[in-house]
Amino acid sequence: MSSEGGRASESHLGCAMYLDSGSETVFALHTAPAPTTPASSVGVVLAHSGANNFSAHRNGVWTSISRRLAQEGIPSLRFDFAGTGESSGDLVLGVTGQPVSDVVAAMNALRAAGCQALLIVGSCFGAIPSIAAAAGRGDVAGLILFSPPLVLPGRSRIGSVRERIGEVINLPTVRLVGTNGDYRRWFFARLVSIVRTRVSVKLQRLMGRSLPTSGAAPGGDAGTLRGLLMEDELARLITSETDIEVVYGTADRNLAQVAADADASRAIALLRRRGQGRLAWTILEGPVHGLEDVAVQEQLVQLVLQRARGLKEPT
Amino acid sequence: MRPGVHSQAGAALQPCAGPGQEAGGPGADQGTGLVNVARTVVGTVREDAGFLARPEGALFVVLHRPVDRAPSGLLTVCGSLFAEQHTDYRREVRLARVLASAGVAVARFHYRGVGNSGAGSTSLHAFSRDVLDVTRAVAHAGSLRRVAFLGVGMGSLIAAQALFDYPDAPLVLWKPVLDGTKFFKDFFRARLAAATRIGGSRPAPTEDLLATLAHEGQVDVMGFTVTASLYESVRGSHLAQTVPRQPRPILVQPFRGSRATGLEQLVADWKNGGSDVRLEPVKLAEDPWFIPDGAEIAASILATEEQLMSSVREWLVGAWRTDE
């Protein structure tokens, strides 16, 4: 049942592509159902975990997902971030810029192939630019995030005050606050929550009480509340009725970091409450981060297949 | 052509089975021997990614060639396996670009049953057949007379088997695996370190793992599927016995670590057999069993890798110049 030789009798068709992404060229593999299988209007983009990774992902998990999706009539596209695999350039670990451009290029390629709605699957670092790319468009029906680093070590020190204000007050946010009642309610509730947390921190410091630091990342300041990365984008996606499933393993450091960060935990609880089921939080036994267990890999494959099927045949 | 997508370029290429199109016919691209090809240019290097169609399953291949001249020869990269494949991947891409800029075509590929290639049986023999399939197809399509091989880690044993069909081919070895049994012994042992790192329970003893391998035909080793056919074919393989006796130019570049042990004797034996061997230790230390976390690579490591690649370029170009 191998596939890429271009024989029509096979279960899927694989094709290499190079996509323009800013000044870089991003390598991608498009896997389409065989011509005999009716193709779904839903397509799946697979974003790997960044450094030291390539389009097939560990143990060929992305390849396996692509081929099994194709057997069910669902096309997919897996790609290498700039600076990884076959792509040009150097990898940039950021929440804006090149990695986001790479995901957008992959999404556009799948849309150009005829997909009307997209399911984005991002693994570890790959989840972050996937969130950013998805938040800026209206064709993403779902996101599955494998062990996303939603709390970054030293995040509180990354941006200047100006940059951090810019994260909150920007054109898309202001537009949504003005036009979308659900988002407006979430935005102001979040603002109140942040202020309450900050006041609480100040008070505890004044009273000489330490804050929970268990599981804090190396290099982080003890007692520093770091907050949830991509919080605004996640809120926007939920508001625009995009289903998001965050999947961690019990052994994941990224889960421990979220759990240890009071601000992030509170933000997630608020998002889940406001999202009314649109933000699912799944914890699997073992490591999801790095896909270091074959049994967990199979659970993740099944999860993607199930969600993609659900989008293909909405109930 | 859709904006932002360049799956194909150049009149010589067969239409690609890109999104929204039907698959191309069975005929391969004249210049590369590949089907469903995409082409790009990185600096002075033309890169074609596509599939080599074979009855047993398609092989994912990337061919790097100079844009401005006919290549002087072909280097086929026999990559490493498991976590090491991830660590080496970008290094091999960079080497391919360095060599192609210097006029050498480089073929890189995924073994059948690995990465983006089609499913297939996994064993040393099957992998070396993949090496030969790629080398023959690319050399034939590009009319390339000279062929060399690079073996990386476990790929050294695979490259060595391919040499039987290319008696004069120069051989480059990066951190070669000398003993297949020891390779798997160390790989299985690394499960302990992995379990400690993620706070998991102590993994099953190696004896139990081997019993499962024999019974079920495959086992999970830190998120990689190890098949019984691969294990059996690698166990008992020694580089000293696998490399054919014919004299040839050999460049050996061990990295720091346990694999460097025993190389001096092997190099001495090859020299006694008439081969022109250069042993060039590289100041790179890495744990082959784990994929490094994060993207930060120290400037010193990058500089060492640059040195590694320029050594290969000068050595290979020199070896072929001597051959003229």
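We did not get these values from a lab; they are worked out from the coordinates using the rules stated. Because the structure is predicted, anything quoted here is derived from the model rather than measured. With ideal geometry, Cβ positions are generated from the backbone for all residues, glycine too; neighbour counts draw on all protein chains shown.
Remarks
- Computed from label points 7 Å out along Cα-Cβ, the spacing between A:Asn180 and B:Arg245 is 7.5 nm.
- For chain B, built as a Gaussian network whose Cα springs stay under 10 Å, the top-fluctuating residue of B:Pro71, B:Pro203, B:Pro244: B:Pro203
- 16 Å reach of a label modelled at A:Arg309, 7 Å along Cα-to-Cβ, counting backbone N of the range A:60-99: A:65-75
- Hypothetical label at B:Val41: residues of the range A:18-36 whose amide nitrogen lies under 15 Å (7 Å Cα-Cβ projection): A:25
- Neighbouring Cβ atoms from other chains, within 10 Å of the Cβ of residues in A:52-65, number 6 on average.
- Per-pair calculated FRET efficiency, R0 = 56 Å: B:Glu216 and A:Phe188 via Cβ, rounded to 0.05: 0.50
- For peptide B:110-119, the mean count of partner chain Cβ atoms within 10 Å of a residue's Cβ comes to 6.
- Backbone amide hydrogens, once placed in the peptide plane, bring A:Leu13 within less than 5 Å of A:Ala32, A:Ala34, excluding anything fewer than 5 places away on its chain.
- Secondary structure note: in the range B:51-130, about 65% of the DSSP beta bridges are antiparallel.
- Per-residue average of Cβ from other chains inside 10 Å of A:104-113: 3
- Taking every alpha-carbon pair under 8 Å whose residues sit at least 6 apart, chain B reaches a relative contact order of 14 percent.
- Amide H to amide H, with H built 1.01 Å from N, A:Val44 comes under 5 Å of A:Ser76, A:Leu77, A:Leu119, counting only residues 5 or more places away or on other chains.
- Whole-Hz couplings from phi, Karplus 6.51/-1.76/1.60, listed for the range B:114-120; x for Gly and Pro: 10, x, 8, 6, x, 5, x
- Selection from B:Ala228, B:Thr196, B:Gly180, by position along the positive dipole direction of the range B:180-236 (Cβ): B:Thr196
- The Cα center of the range B:35-86 and the Cα center of the range A:240-315 differ in position by 36 Å.
- Shown is the FRET efficiency for A:Gln302 and A:Asp139, computed with R0 = 25 Å from the Cβ-Cβ distance and rounded to the nearest 0.05: 0.50.
- In this simple spin-label model, placing a label point 7 Å from the Cα along the Cα-to-Cβ direction at both A:Ala280 and A:Thr37 gives a separation of 2.1 nm.
- Model label points for A:Val195 and B:Arg197, set 7 angstrom from Cα along the Cα-to-Cβ axis, are 4.6 nm apart.
- Under the span-like rule (Cα at least 24 Å along the axis, Kyte-Doolittle mean at least -0.5), DSSP H helices of chain B: B:124-141, B:180-198, B:299-323
- Backbone phi angles across the range B:220-237, fed through the Karplus curve with coefficients 6.51, -1.76 and 1.60 (θ = phi - 60°), yield HN-Hα couplings of 9, 10, 6, x, 10, 7, 9, 8, 4, 5, 5, 4, 5, 6, 7, 4, x, 7 Hz in residue order; Gly and Pro are listed as x.
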